[in-house]
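The values are calculated or read from the model by the stated rules, or taken from the named source; none is laboratory data. In this text, all values refer to a predicted model and were calculated from it rather than measured experimentally. In this analysis, Cβ positions are derived from the backbone assuming ideal geometry, glycine residues included, and neighbour counts consider all displayed protein chains.
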Amino acid sequence: EMKKILPVQVMEKNYTRLCSTKSIVTVNGKFPGPTLYAREGDNVLVKVVNHVDRNVTIHWHGVRQLLTAWHDGPAYITQCPIRPGGSFVYNFTITGQRGTLLWHAHILWLRATVHGAIVILPELGVPYPFPAPDEESILVLAEWWKSDTEAVINEALKSGQGPNVSDSHTINGYAGGPVSACSSSRKDGFTLVVEQGKTYLLRLVNAALNENLFFKVAGHRLTVVEVDATYVKPFATDTILITPGQTTNVLFSADQGRGGRYLVTASPFSDSPLVAVDNRTATATLQYSNSASTASLTAAALPPQNSTTTASGFLDALRSLNSRAYPARVPAPVDRSLMFTVGLGTNLCASCVNGSRLVAGLNNVTFTMPTTALLQAHYFNVSGVFTDDFPGHPPVAFNYTGSGPNNTQTMNGTRLYRLPYNASVQLVLQDTGIIGTESHPVHLHGHNFFVVGRGTGNYDTTASPPKFNLVDPVERNTMAVPAGGWIAIRFIANNPGVWFLHCHFEVHTTWGLKMAFVVDDGDGPNESLPPPPKDLPSC
Ligand code: C2O
C-alpha cells in the first residue's frame, strides 16, 4: 500500500494583528498552523519543505516516538536543522496514545508562529471512555508579538534582562478583547458557534512561548476528560490551568436555556513573585446559534493572576483514569532516583556587568547547545560533542527555597545523563533561584511520566515519598514545577535515543534550562534504535 505523505510548506506570510502587519513564518500560510489528524496506530509521514531563509525543524510534542528518535525534531538534539530549500520526511507511528497533542517548530523561538494541534482519534471502533460529544472543536492558545521574535530572544540574552512580554495572548490566532485598541481589530476575535442542547469536546492547546494560562468559558462548567493525550478521571471545574506544551480536553454542554453569547478567556497565571501584573487576556466568544451576534455578552470574573488556590485545586483533581482498559502503570520500584534543581543562576560572562549574567540551569549546569546533533554523536560514537556526566543530584544540599546560601553559580556544559534501557526512574525537580522563585513547565521528550508528588518549599527525602500517589497519578509529558516548590515524576526509560528535558518557557530554555537523557539500547529484539533515515539533514 502506498503511504500518503502529508506536505508541509514552511513559508512566510503577512499577518495583521493588533493593527500592525508583519511577515511571519507559518506552515502552509496558516497561523495557527493546520491540525494534524491521525488515529492511534497510524503511521504518519510528513514531508517538511523549508521555503524560508532560516533553519527549521518540527517537533511532535508528546508523541512517544518509540524507536523513532530520529523523527522527534528538536534542533541539535535529535537532528540537524532543515536548511533553507531543504526538506525532511518525519515518519513515525502513533502507539498507545489517543487525544490531543501539539506540533511546533523546535529551533530558537520559531514556535511562536509555527505550531498547531495534533488530534489522535482512538482506533476505529474504540469509543471514548466518556459520553460521546456531538461536536468537537480545537482552541489553540498562543501569543503575538508586534516585533520580530528574534529581536525578543536577543533581548532575553542580554545581561540580567528578561525579554519583552508578548503584545497579546491569542485564541486560534486572534487577540480579541480590550487589548485590541484600534477599531479594525474589533473583528479580531474567534467565535465558537454552539447549538442549544448539544455537548462539545474542546481540545485546548497551550502553544504560548512563555505563559501559563487560566482558561474559562463564562456560564459553563467544563468537565476535564484528558490531558496530554492520556485519559483522566472526569471532573467538573470553572477554570482550566494549562502551561505551555500542555493540552487538555474538556466536555461541556450548551445548556444555557436562554442562549446568548459568553466570553471565553485565556488569562495569565503566575505563582512567581517576580512576575508583574499582566492584563493580556485573550478572548473569544461562545455564541448560541439561535442568538444574534449582537446579543449581550456574558462575562465571568477572571481568576486572579496569582491564584495558587485555583491552580492547586485544579492540579489536585487531575488523576489518571486508571480503568481496566486504561490502567495507570506507575513505575515501582524505582531503580534510579534523581533530583535536579531547576532555576535561575548567574554565569561568568566577561562582557557582562559584574562579570556575570543571568542564566538558568538544572543542577547548576547551564546547557550549551552543540553544533551537531547529539543523537548522531551518540549513535555513531562521535567523541567531543557531549559528556555523559550530568549530575544526578544537586552539587550540595541547601535550603533551595530559602534566601541563602547562594548556590546558584552555574557552569556551562553539554552534559547528558545516561540511563540503561528500561530503567525505572524517579526524578524530583526542585525549584530554586537567587532573585526569586519561578514556575517552570518541564517537558520530557520521548516518554510520558507520572506525577507522583508535588509540594511547596523544599522536597524532603524522608517526609515527602510516603505521601506519593502511586495508584492513579496523572500521566503527562509536561508539568510545571511550582514556584518555590517541587514535583516528583516517574517514567520507564524504554525508548532508546537522546531525549531532551527542558522548561517549556522558551525564555528559560534560551537561558539554558535544559538537558538531555541518553537512553541506551536494550539487548532484546526491538530494543535498539534503528539507523537514521537517508534524508536526515546534516549539520
Ligand atoms: Cu514542545 Cu522540546 O518541546
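When each of THR95, THR21, THR26 is tested for being more than 16 Å from the ligand (Cβ to nearest atom) and part of a loop (DSSP other than H, G, I, E, B), the lone residue that passes is THR95.
Among all residues of the range 36-44, there is at least one that is within 16 Å of the ligand (Cβ to nearest atom), buried (at least 18 other Cβ atoms within 10 Å of the Cβ) and at pLDDT 95 or above. Within the range 463-494, being part of a loop (DSSP other than H, G, I, E, B) and either surrounded by fewer than 24 Cβ atoms within 10 Å (Cβ to Cβ) or away from the ligand (no atom under 16 Å from the Cβ) (or both) holds for ALA463, SER464, PHE468, ASN469, LEU470, VAL471, ASP472, VAL474, PRO482, ALA483, GLY484, ASN494.
Residues that are near the ligand (Cβ under 9 Å from one of its atoms) and in a strand (DSSP E or B) were ranked within the range 102-114; the one that is nearest to TRP145 (Cα to Cα) is HIS104. Within the range 60-78, residues that are within 14 Å of LEU444 (Cα to Cα) reach partners that are of a type in the set (D, E, K, R) and near the ligand (Cβ under 10 Å from one of its atoms) with beta carbons closer than 9 Å, at six or more positions or on different chains, in the pairs TRP60/ASP72; VAL63/ASP72; GLN65/ASP72; ILE77/LYS514; THR78/ASP72. Annotation: VAL498 fulfils all but one of (1) part of a loop (DSSP other than H, G, I, E, B); (2) over 16 Å from the mean Cα position of the chain (by Cα); (3) not basic (Lys, Arg); the unmet one is (1).
Residues that are of a type in the set (D, E, K, R) and within 16 Å of the ligand (Cβ to nearest atom) within the range 48-77 comprise ARG64, ASP72, listed in sequence order. How about the range 82-92: which of its residues are within 16 Å of the ligand (Cβ to nearest atom) and surrounded by fewer than 24 Cβ atoms within 10 Å (Cβ to Cβ)? PHE92 - this is the single residue of the range 82-92 that is within 16 Å of the ligand (Cβ to nearest atom) and surrounded by fewer than 24 Cβ atoms within 10 Å (Cβ to Cβ). In this entry, ARG357 passes the filter for residues that are farther than 22 Å from VAL425 by Cα and of a type in the set (Lys, Arg).
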